[in-house]
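The values are calculated or read from the model by the stated rules, or taken from the named source; none is laboratory data. Note that the structure is a prediction, hence the values are computed from the model and not measured. Positions of Cβ are generated from backbone atoms using ideal geometry, with glycine treated the same way; all protein chains shown enter the neighbour counts. The protein model used for the area step is the full one, side chains on, heavy atoms only, and it has no ligands, DNA or RNA in it. Shrake-Rupley method; radii C 1.70, N 1.55, O 1.52, S 1.80 Å.
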Amino acid sequence: MAKRGLFITFEGTEGSGKTTQAELLTEWLAKRDPVLVREPGGTELSEQIRDLLLYRGLQIDPEAEMYLFMASRRQLIAEVIAPALAARQVVIADRYHDSTLAYQGGARGLPAVWPPSFPRPDITFLMEGPVEAGLGRHEGAGKSKDRMERESIEFHRKVAEAYDRIAAAEPARVVRLDATGSRDKIQFEIRDRLKPLVEGLD
Ligand code: T5A
C-alpha cells in the first residue's frame, strides 16, 4: 500500500482544550507545514453547514443533524484531508468522526457508524475531564453558547461516556489525556507520544 502522511485528531467534550492543544502542536510541527482543520468547517460548504448546525437557532431533526455533520466532514475529506494525506503531509483535525459517534451516536442515541470512505486517524488525543469544568471555561471566557452547548448537562455526560467507550475499544489509537493539567504538561505528553510517528515520516 502507498505510504500516506500522518493523520492526528483531537477529541473531547466542550471546552476541554482541543483547540489550544491542536494549535500548540501545529506550532511544534511548523517545519513540516502541517494542515490544521477544525470540524465542522474547513471548506466553503462545510463552513456554511457549521453555521446552519450551530448558530441559526434552527430546529434540526437528530438524524438530519448527524447527516449534516457527516456531509460537512465528507466535503472536508474530499477537498483537504485526503489530498494532504496522499501528499504525505501531517493533518491535524480539531474534532473528526469520533465526535459524531460520541454526540450523535452516544448522546442522541442514533446508530452512528464509520463510513468506509472516511480515513481512519493514525492517533487520536482524547481530552478527558469533568464536563462541568469545560462548559465553565466557556462561560468564564464570555463566549455565547451555540446550539450544542445549550444541551443539558446529562447530554454532555453521555458524550463523555461515549468517548470513554471509544477509548476503551481502541486503546492502540486513542490516547487519553488529563484535560485538567496545565497546557504545557498536556502538550509535552502529546509531543512525547508523537515523536516516533513523526520520525517515521522521514
Ligand atoms: N459536534 C461536532 C457534533 O455534535 N458532532 C460532530 O460530528 C462534530 C464535528 C462544535 C460543536 O459541534 C458538536 C460538538 C460541539 O458542540 P465548536 O465551537 O467547534 O463546536 O466547539 P468545540 O469543538 O467544543 O471547541 P471549544 O472551543 O468548545 O473547546 P476546546 O477546543 O475543547 O477548548 P479550547 O482549547 O478552545 O479551550 C477552551 C478555554 O479553556 C482554556 C482556553 O484558553 C479557552 O479559554 N484552556 C485552558 N484553561 C486551563 N487549563 C488548560 N489546560 C486549558 N486549555 C485550554
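Taking all protein chains into account, the per residue accessible area for region 6-199 stands at 48 Å² (1.4 Å probe).
Only lysines eight or more places from Lys18 in sequence, or on another chain, were considered; those with a Cα closer than 20 Å are Lys143, Lys145, Lys158, Lys185, Lys195.
For region 44-192, the square roots of the Cα gyration tensor eigenvalues, ordered a ≥ b ≥ c, give a/c below 1.5, which places it in the rounded category. If only the Cβ of Lys and Arg carry +1 and only the Cβ of Asp and Glu carry -1, the dipole of region 6-199 around its Cα centre is close to 260 debye.
Computed in the context of the full set of protein chains, the accessible area of the chain at 1.4 Å probe radius has 53% of its extent on carbon or sulfur. Once the Cα-Cα distance is subtracted from the 0.36 nm per residue extended length, the Leu52 to Ala133 segment shows a gain of 26.5 nm. In nm, to one decimal, how far is the Leu45 label point from the Arg191 one, both placed 7 Å along Cα→Cβ? Going by the 7 Å Cα→Cβ label model, 3.8 nm.
Over the residues of the chain, the helix contribution to mean residue ellipticity at 222 nm works out to -13500 deg cm²/dmol, using -39500 (n - 2.57) for each DSSP H run of at least 4. The reciprocal of the average 1/r between distinct C-alpha atoms defines the Kirkwood hydrodynamic radius, which for region 1-55 equals 13.2 Å. With the cut-off at under 19 Å, measuring from each backbone N in region 38-62 to a point 7 Å along the Cα-to-Cβ line of Arg173 picks out 38-40.
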